[in-house]
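Have a look at the structure below, then the notes.
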Amino acid sequence: MDYSGCTNHGQLVSETQQRITQLQQAIANIQTVRKHLKRNAAEVKSDINGSISRQLENLRNREVWLLSQVEIVEQAKEEVLRGQQDRLCQLLGGLKTHLEYSTDDPSTSAAKPEGLKRRLSTSLDRLDSLDLRPQESPHLTFNADVHGLRDAILKFGQVDGKPSGYLGKVFASPDTPSSCLPPSWEEYGDDEH
């Protein structure tokens, strides 16, 4: 509306007062929105902080669990290796004893050559049947999908400035497929719908 041609002073004053009232109301509305925005931003920051803290706690729990798995695997391998080492040490001790017994006192070894020969043969046969390689390997690794975790972290969460459920307009265009019913159910086949 063009007010430059308006000759009625009272009408201009009234229109000006209405516009002042509108501007004051708009400023008050904006101030209210700013207050709500500040409060909502604080709530969202708190939500983000809480969510990230929970995920960090989950990561820490996973770390503790993985570390305990390392200890369990290490202990199991250690038991197998310790048992194998103990058996080999016993065999070594037996062989050394038999060897010392046969070389220390020639009169004793000459008196019982068959018994000593049988014990040495038995010990050597046991040694031949044993696998002297370690029954367990020192191999212990940690496999992690570092890139997958990094991607999940980088894609975790989203901040949106639109109200929840905001569609941008009240009604969708007729060409937009329904988000609630399958298209075949939306086809009515008559002109009324």
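The values are calculated or read from the model by the stated rules, or taken from the named source; none is laboratory data. Just so it is clear, the structure is predicted and the values come from calculations on it, not from any experiment. Positions of Cβ are backbone-derived with ideal geometry, glycine not excepted, and every protein chain shown enters the neighbour counts. Heavy atoms of the whole protein, side chains included, go into the accessibility calculation; ligands, DNA and RNA do not. Shrake-Rupley method; radii C 1.70, N 1.55, O 1.52, S 1.80 Å.
Please list, short to long, the whole-number percent of alpha-carbon pairs of the stretch 47-96 in consecutive 10 angstrom bins beginning at zero.
Distribution as computed: 23, 22, 18, 15, 11, 7, 4, 0 percent.
By the gyration tensor of its Cα atoms, with a ≥ b ≥ c the square roots of the eigenvalues, what is the shape of the stretch 3-82: rounded for a/c under 1.5, prolate for a/b over b/c, or oblate? Kindly include the intermediate steps, with their values, before the conclusion.
Values: a/c = 19.70, a/b = 8.60, b/c = 2.29.
Since a/c reaches 1.5 and a/b is larger than b/c, the shape of the stretch 3-82 is classed as prolate.
Please give the per residue accessible area of the stretch 49-88, computed with a probe of 1.4 Å over protein heavy atoms only, in Å². Intermediate results must be reported in sequence, preceding the final value.
Numbers: 3210 Å² over 40 residues.
Dividing the accessible area of the stretch 49-88 by its residue count gives 80 Å².
With every protein chain in place, what's the accessible area of D145 (1.4 Å probe, Å², nearest 10)?
110 Å²
Based on the mean of other Cβ atoms within 10 Å per residue, sort peptides 90-97, 152-159 so the most packed one is first.
Numbers: 90-97: 12.8, 152-159: 9.4.
Descending mean neighbour count gives 90-97, 152-159.
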